[in-house]
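Reading through the structure tokens given below for one structure.
The values are calculated or read from the model by the stated rules, or taken from the named source; none is laboratory data. Treat the numbers as computed from the prediction; the structure is a model and nothing was measured. Neighbour counts run over all protein chains shown; Cβ positions are idealised from the backbone, glycine included.
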Amino acid sequence: MAKISLGKGINMGLRAAMEADSKVVVMGEDIGKLGGVFRVTEGLQKDFGEDRVIDTPLAESGIIGTAVGLALRGYRPVCEIQFDGFVFPAYDQIINQVAKMHYRSLGKIRMPVVIRIPFGGGIGAVEHHSESPESLFAHVPGLKVVSCGDPVDAYWMIQQAISSDDPVVFFEPKRRYHEKAELDESVPPALPLHQAKVVREGTDATLFCYGPMVKTCLQAAEAAVEDGRQLEVIDLRTIAPLDLAAIFASVKKTRRAVVVHEAPFSLGPGAEIAARVTEECFYHLEAPVIRVAGFDTPYPPSRMEEEYLPDLDRVLDGVDRVMGY
Amino acid sequence: MSESVPGIAPEVFAPVEAPVSPPQASEEVEFVQLLTPEGERVEHPDYSFDLDDETVKGFYRDMTLVRRIDTEATALQRQGELGIWASLLGQEAAQIGSGRALNSKDMVFPTYREHGVAWCQGVDPLRLLGLFRGVDQGAWDPRDNNFHLYTIVIGAQTLHATGYAMGQQRDHAIGDAETGEATIAYFGDGASSQGDVNEAFIWASVFNAPVVFFCQNNQWAISEPIDRQTRIPLYQRAAGFGFPGVRVDGNDVLATYAVTQQALKRAREGSGPTLVEAYTYRMGAHTTSDDPTKYRLNEDLEHWKLKDPIERVRAYLTRWAGVEHDFFDQIDAEADKIAAELRAGCLSMPDPSLTDFFDHVYVEQTAQLIEQKKQYAAYAASFEGEGH
């Protein structure tokens, strides 16, 4: 059993998927010889060749648009968008083409396309390199949107995303690329792709999170013990479709919910979860659903990002508020 | 616009002298032509049409039938049976010539106006109406006739075509001009300004993808003339991307056939992409929702009517191939029959139920959507018997 980083988990998952299915092709900017700016695709071109690990022109719409054509031809393209803020030239192809093809064809065309996007802040980057645009995709029927929160999930979820016959936008928490955990590849994945995971059990309130906020929430839960609070932490893993059964079960148990994400506060995933929980768990709730999120501003210059990003204190403040009712 | 901005010299704002309208007479436009508007065969140093008159008669039939289908669809729209229709009137030669150049393994990525190419690929014309009637969004299986769904977003399909061609490459389906595979992407002069089309050019070029970019330059992108899209002939853009471009008389079915066939052969043998600019004219409106009298002169249309793609073939067949009246009458009768069938088929298209459409969003249906469908079905059922 080896200790691997989250980035390495994705790398190993990509490799496993490519070995299992010769139709899997990986494409993006700088992913070949360089191995990607985060080295997530390191070594793949050397072993699978330039036809399957394609260094593309610098044209994001081109990456997704040609992936659509490759998928129509029977391939399973895994596209890398280099940074979250650079996905927008491809937004039209993702929203109008990738997401709708199955529907428009009444199910005759499948789009097994994975769009990998390193997302979120906390790495001191310049603008357009720290964004959390997941709601802009989760709102679109036809897309599935997931995010991994730890190395083991990274390894399995990327493989599950690739084997999905629906298009998957795969958000990678870039500031957690170097987080490490033990991976035993011989143990099959514990959960299907679109199920949430209880990463810490608790009784007093539930923290719902995904991607980079999983670690933050676990730290908060640990700290809350000092205040005598047992917090449950749920790694949603999938933002679209939400694992509502897991969400409702936890809320019915703890009766208090805090949703945590880096994405801006308004109309973020927290809004949807709050609405669903209100509809389904109204009589179980002791408090309104609280959101701890990025602010409704563009992502700030990096010297201020620690203030912008939800951290342990902001999460605990949210817990204080939800416990105050 | 005579106001000057402080600190900036006025000449910076001086408008560039642009041509007011596209070139009008074919004499001013250089292109590959093998059949004149008068119906005379002419030679070209690089291209020739070597097939017999039976083939030409077949082209005549194709063009006449698709024009009739098109006319019928326009009529159906006028009578409220279609929400909208995008007419191909005037572009029959570009579509039939290029469409008939395709081999059975070649793949087509159309816009929403390629009814003639669909015809060549064996797509039932009735299938095309679903989108325009609003009962579906295409819904055919592209693999059935190697004809992808119509794409409404301008230019998006050129990237799909390029990706598909890269798949053909990876499948080792190219290498031989006859047995290899190629992909053809249709688009218009307006689309040539889109980023996606330019990206497709780059991708096809650097990956040497077996794709033919077939641009029907019909001079108009709704109300915008070609000079709002380009200052140089479109086919010349290919040079900047590193592959050949050729302009063909888009109203000459023999020339569009010959030029497309050569481009497809190049693609199939592995020599990469070609841009074909079929120089033609949109004789009708952009769609049935459009009124071209608001932005173009009737004289233009009259001028282009003299270059009609079907009339010149008829003239050739009558004068030079000894084809009798009977033949043309037969085709007209066949056209009427097809039109009647199309009309009947259109009127009998069942109205879909929204309930069924919940099932096609995903391959693997989500719990939320199953629930939403159930709720909607129950809601809809609550109106039953109320005359809804």
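Given the residues B:Ile154, B:Ile84, which is the only one that is more than 14 Å from every other protein chain (Cβ to nearest Cβ) and surrounded by fewer than 21 Cβ atoms within 10 Å (Cβ to Cβ)? Selected residue: B:Ile84, the only one of B:Ile154, B:Ile84 that is more than 14 Å from every other protein chain (Cβ to nearest Cβ) and surrounded by fewer than 21 Cβ atoms within 10 Å (Cβ to Cβ).
Restricting B:Leu65, B:Leu82 to residues that are in a loop (DSSP other than H, G, I, E, B), modelled with pLDDT of 95 or more and not aromatic (Phe, Trp, Tyr) narrows the list to B:Leu82. Would you say B:Tyr362 is more than 28 Å from B:Gln95 (Cα to Cα) and assigned to a helix (DSSP H, G or I)? Taking the combined requirement at face value, the residue does not satisfy it.
Among the residues here, A:Pro89 does not qualify as in contact with a Leu (Cβ under 8 Å, 6 or more places away or on another chain) and facing chain B (nearest Cβ under 10 Å). Tell me yes or no: at least one residue of segment A:68-81 is without any contact (Cβ under 8 Å) to a residue 12 or more places away in the chain, within 11 Å of chain B (Cβ to nearest Cβ) and buried (at least 24 other Cβ atoms within 10 Å of the Cβ). There is at least one residue in segment A:68-81 that is without any contact (Cβ under 8 Å) to a residue 12 or more places away in the chain, within 11 Å of chain B (Cβ to nearest Cβ) and buried (at least 24 other Cβ atoms within 10 Å of the Cβ). Against the criterion of being exposed (fewer than 15 other Cβ atoms within 10 Å of the Cβ), out of contact with any helix residue (DSSP H, G or I) (no Cβ under 8 Å at 6 or more places or on another chain) and closer than 22 Å to B:Asp329 by Cα, B:Glu54 qualifies. Kindly evaluate A:Asp55 against the criterion of being closer than 24 Å to A:Leu143 by Cα and surrounded by fewer than 22 Cβ atoms within 10 Å (Cβ to Cβ). Here the answer is no, as A:Asp55 does not meet what is asked.
The residues on offer are A:Val251, A:Val258, and the sole one that is within 19 Å of A:Gly149 (Cα to Cα) and not assigned by TED's automatic domain parsing to the domain that holds A:Gly121 is A:Val258.
Yes or no, residue by residue, for (1) closer than 24 Å to A:Arg76 by Cβ; (2) more than 14 Å from the chain's Cα centre (by Cα):
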{"residue": "B:Gly83", "(1), (2)": "no, yes"}
{"residue": "B:Asp106", "(1), (2)": "yes, yes"}
{"residue": "B:Gly138", "(1), (2)": "yes, yes"}
{"residue": "B:Ile154", "(1), (2)": "no, no"}
{"residue": "B:His160", "(1), (2)": "yes, yes"}
{"residue": "B:Arg170", "(1), (2)": "yes, yes"}
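The residues in segment B:103-151 that are surrounded by fewer than 22 Cβ atoms within 10 Å (Cβ to Cβ) and β-branched (Val, Ile, Thr) can be counted, and the count is 2.
Screening segment B:157-185 for residues that are surrounded by fewer than 24 Cβ atoms within 10 Å (Cβ to Cβ) and part of a helix (DSSP H, G or I) and picking the one that is nearest to the other protein chains (Cβ to nearest Cβ) gives B:Arg170.
Condition check ((1) crowded, with 20+ Cβ neighbours inside 10 Å; (2) assigned by TED's automatic domain parsing to the domain that holds A:Ser250; (3) within 17 Å of A:Gly268 (Cβ to Cβ)) across all residues:
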| position | (1), (2), (3) |
| --- | --- |
| A:Leu191 | no, no, no |
| A:Glu201 | no, yes, no |
| A:Cys209 | yes, yes, yes |
| A:Met213 | yes, yes, yes |
| A:Thr216 | yes, yes, yes |
| A:Ala220 | yes, yes, no |
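Each residue in segment A:13-53 was checked for being of a type in the set (D, E, K, R) and within 13 Å of chain B (Cβ to nearest Cβ), and 5 of them qualify.
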